[in-house]
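Colleague: Below are the structure tokens for one structure; questions will follow.
The values are calculated or read from the model by the stated rules, or taken from the named source; none is laboratory data. Fair warning: this is a prediction, and the values are worked out from it, not measured in the lab. Neighbour counts are summed over all protein chains in view; Cβ atoms, including those assigned to glycine, are modelled from backbone coordinates with ideal geometry.
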Amino acid sequence: MLILLLSMSLEDTLTLLNPWWEGLRSPYVEEWENKRLKWVPGWLKAISLKPFSLNLVMGPRLVGKTTGLHLLIEKELNHRDPLSVLYLNLDLAPSFEAFKSLLDAYLRMRRDKGIKSSLIVLDEVTSVQGWWKLVKGYVDAGVFRRDVLVLTGSSSMRLKGEVELFPGRMGEGKEVIALPLSFREFLSVKGVIVTERSEDALLPKAPRIRGLFKEYLKVGGFPLSINGDPRAEEHMIRSITGEVLRAGRSLDIARGVISRVLATAPSPASFNSMASDLSLSHRTVREYVELLEALMVLGQALYFEKSPKFRKERKIFVRDPFIARSLSIWATTDFLESAMYEWVVQEHVYRKYGEVYYWRNSYEIDVIANGLKVEVKAGKPHRRYPKGVRVLGEGEVPLFLAVL
């Protein structure tokens, strides 16, 4: 595809990437319509379509950002001039200069056609080094004052500090996080709509919900895995390794760090102990954990006692079941099924409250956030816990997550 684009004129390239200019439908939408299981991503609702807006959509690769944006474009075409909608996949732009040339060619074209306001979608913008210089410069110059911009990129946008380059320049726009499906969203895709607010009210649906939870623990919330793509694990591994390489980091060290995370979970771990096992410095281990956290692959639950304790051991969790199983293949390291149960609860609590911690003394509380205290037990608990601590057995986790 890239070689083909390099041999084409700018106008032909733009037309190829925007088939609706010639009355054709997006191939992404047509492919989506043919999926066995499909859904319109909920994060699309958060995108501002009021000029001027600069929206930044961040999330892991393979989560469905590109397809979601093409669904948005299809909807917007119901009341827009097709030429007022520009889509650029910047994974295909070989350089900053090519990006600028394509964008400038469109701006000239719309001026010649008398188009005053556009929806401009710049997909995987972080693929172009220094992309922000062009966008920021044009925003400051008022080039996009009547437009809606939607920029997508990997979650490393924030790691590189690129999001912070747009203070006061986003207009009505939003920062939008595109995540894999939560368990409740997964249930909805499978035809189980949860409107109940209590676990007791869900009891008639409990057998179906528990059965689907076992499936969720295998396929997670990604479109490829949910639809049973036989190469889903391969694509996931390639997407993660590609992001690590783009960040200029070592795949061997990343794989080693992931191996230690999987092998030690669900027990707390310190950067020092992981560094000792891997013959690395604790600073290096910290950097790789933070990189994988920025890529939304891992999360961290700090020890909490009156306040977070940054020097204590921490619980490192994997943020989606399918990511966990893919990482296990890549790192050739198994993990305990009890760890998976804990990871899923930690992730869902983190999504709801924006924080998650743990506590440990004579007993352990796996998940703490906003007054919630949860201990996750894949088997039966062997001790009593203090009042206010919710102990979730294996069969209780699915209902807890469904109404969280």
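Colleague: What's the number of the condition GLY171 fails, among (1) under 21 Å from LEU56 (Cα atoms); (2) in contact with a Gly (Cβ under 6 Å, 6 or more places away or on another chain)?
Modeller: With (1) under 21 Å from LEU56 (Cα atoms); (2) in contact with a Gly (Cβ under 6 Å, 6 or more places away or on another chain) applied to GLY171, the lone miss is (2).
Colleague: Sticking with this structure for a sec: Somewhere in region 360-380, is a residue of a type in the set (Asp, Glu), assigned to a loop (DSSP other than H, G, I, E, B) and within 28 Å of GLY221 (Cβ to Cβ)? Break it down into steps so the answer makes sense when it comes.
Modeller: Here is the first cut: in region 360-380, the residues of a type in the set (Asp, Glu) are 364, 366, 375.
Filter once more, so that each one left must be assigned to a loop (DSSP other than H, G, I, E, B): none.
No: region 360-380 contains no residue that is of a type in the set (Asp, Glu), assigned to a loop (DSSP other than H, G, I, E, B) and within 28 Å of GLY221 (Cβ to Cβ).
Colleague: Still on this structure: Out of the residues in region 302-322 meeting the condition of being of a type outside the set (A, V, I, L, M, F, W, C) and not in a loop (DSSP other than H, G, I, E, B), tell me which one is surrounded by the fewest Cβ atoms within 10 Å (Cβ to Cβ). Walk me through how you get there before you give the answer.
Modeller: Filtering region 302-322 down to residues of a type outside the set (A, V, I, L, M, F, W, C) leaves 303, 305-309, 311-315, 319-321.
Filter once more, so that each one left must be not in a loop (DSSP other than H, G, I, E, B): 303, 305, 307-309, 314-315, 321.
Working: TYR303: 19, GLU305: 12, SER307: 9, PRO308: 13, LYS309: 14, ARG314: 20, LYS315: 27, PRO321: 25.
Residue satisfying both the conditions and the ranking: SER307.
Residue-wise test of (1) within 22 Å of the chain's Cα centre (by Cα); (2) assigned by TED's automatic domain parsing to the domain that holds GLN346.
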position	(1), (2)
GLY142	no, no
LYS205	no, yes
LYS218	yes, yes
GLU233	yes, yes
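Colleague: Mind listing whichever residues of region 220-231 are among the polar types (S, T, N, Q) and under 15 Å from the mean Cα position of the chain (by Cα)? Break it down into steps so the answer makes sense when it comes.
Modeller: Going through region 220-231, the residues among the polar types (S, T, N, Q) turn out to be 225, 227.
Matches in region 220-231: SER225 only.
Colleague: Could you run through region 43-61 and say how many residues are modelled with pLDDT of 95 or more and either outside any strand (DSSP E or B) or under 17 Å from ARG184 (Cβ atoms) (or both)?
Modeller: Looking only at that region, the number is 10.
Colleague: Could you check, for region 323-338, whether at least one of its residues is touching a residue at least 24 places away in the same chain (Cβ under 8 Å), part of a loop (DSSP other than H, G, I, E, B), among the hydrophobic types (A, V, I, L, M, F, W, C) and crowded, with 16+ Cβ neighbours inside 10 Å?
Modeller: yes
Colleague: Looking at GLU394, GLU375, GLU355, can you tell me which residue is in the same structural domain as LEU212 (by TED's automatic domain parsing) and closer than 21 Å to GLU196 by Cα?
Modeller: The conditions single out GLU394.
Colleague: Then there's this: Has region 371-386 got any residue that is within 22 Å of the chain's Cα centre (by Cα), buried (at least 22 other Cβ atoms within 10 Å of the Cβ) and not small (Gly, Ala, Ser)? Write out each step before concluding.
Modeller: Residues of region 371-386 that are within 22 Å of the chain's Cα centre (by Cα), as a first pass: none.
Among the residues of region 371-386, not one is within 22 Å of the chain's Cα centre (by Cα), buried (at least 22 other Cβ atoms within 10 Å of the Cβ) and not small (Gly, Ala, Ser), which makes the answer no.
Colleague: For region 166-221: of the residues being part of a helix (DSSP H, G or I) and of a type in the set (Val, Ile, Thr), which is farthest from GLU394 (Cα to Cα)? Walk me through how you get there before you give the answer.
Modeller: Looking only at region 166-221, we keep the residues that are part of a helix (DSSP H, G or I), and these are 183-189, 200-219.
If we keep only those that are of a type in the set (Val, Ile, Thr) as well, we get 189, 209, 219.
Details: VAL189: 23, ILE209: 13, VAL219: 18 Å.
Taking the candidates together, the pick is VAL189.
Colleague: Right, another one. Being closer than 30 Å to GLU287 by Cα, touching a Lys or Arg at 6+ places or on another chain (Cβ under 7 Å) and either assigned by TED's automatic domain parsing to the domain that holds VAL244 or at pLDDT 95 or above (or both) is true for just one of SER182, SER117. Which residue is that?
Modeller: Details: SER117 fails: closer than 30 Å to GLU287 by Cα.
SER182 is the lone residue from the list that is closer than 30 Å to GLU287 by Cα, touching a Lys or Arg at 6+ places or on another chain (Cβ under 7 Å) and either assigned by TED's automatic domain parsing to the domain that holds VAL244 or at pLDDT 95 or above (or both).
Colleague: For region 53-86, how many residues meet the condition of being among the aliphatic types (A, V, I, L, M) and either closer than 27 Å to ASP12 by Cβ or over 14 Å from the mean Cα position of the chain (by Cα) (or both)?
Modeller: Of the residues in region 53-86, the ones among the aliphatic types (A, V, I, L, M) are 54, 56-58, 62-63, 69, 71-73, 77, 83, 85-86.
Right, trim to either closer than 27 Å to ASP12 by Cβ or over 14 Å from the mean Cα position of the chain (by Cα) (or both) and you get 54, 69, 71-73, 77, 83, 85-86.
Selection size over region 53-86: 9.
Colleague: Consider SER279 against the criteria (1) in contact with a Phe, Trp or Tyr (Cβ under 9 Å, 6 or more places away or on another chain); (2) farther than 30 Å from SER188 by Cα; (3) surrounded by fewer than 17 Cβ atoms within 10 Å (Cβ to Cβ): it satisfies all of them except one. Which criterion is unmet?
Modeller: With (1) in contact with a Phe, Trp or Tyr (Cβ under 9 Å, 6 or more places away or on another chain); (2) farther than 30 Å from SER188 by Cα; (3) surrounded by fewer than 17 Cβ atoms within 10 Å (Cβ to Cβ) applied to SER279, the lone miss is (1).
Colleague: Let me ask something additional. Would you be able to say whether some residue in region 95-117 is under 18 Å from VAL176 (Cβ atoms), surrounded by 15 or more Cβ atoms within 10 Å (Cβ to Cβ), of a type in the set (A, V, I, L, M) and touching a residue at least 12 places away in the same chain (Cβ under 8 Å)? Break it down stepwise before answering.
Modeller: Step one: list which residues in region 95-117 are under 18 Å from VAL176 (Cβ atoms), which gives none.
Scanning region 95-117, I find no residue that is under 18 Å from VAL176 (Cβ atoms), surrounded by 15 or more Cβ atoms within 10 Å (Cβ to Cβ), of a type in the set (A, V, I, L, M) and touching a residue at least 12 places away in the same chain (Cβ under 8 Å), so the answer is no.
Colleague: Another question, if that's okay. Counting only residues that are small (Gly, Ala, Ser) and free of Cβ contacts under 8 Å to residues at least 12 places away in the same chain, which one in region 339-364 is surrounded by the fewest Cβ atoms within 10 Å (Cβ to Cβ)?
Modeller: From region 339-364, those small (Gly, Ala, Ser) are 339, 354, 362; that's our starting set.
Imposing the further condition that a residue be free of Cβ contacts under 8 Å to residues at least 12 places away in the same chain reduces the set to 354, 362.
Details: GLY354: 9, SER362: 5.
Of everything passing the filter in region 339-364, SER362 is surrounded by the fewest Cβ atoms within 10 Å (Cβ to Cβ).
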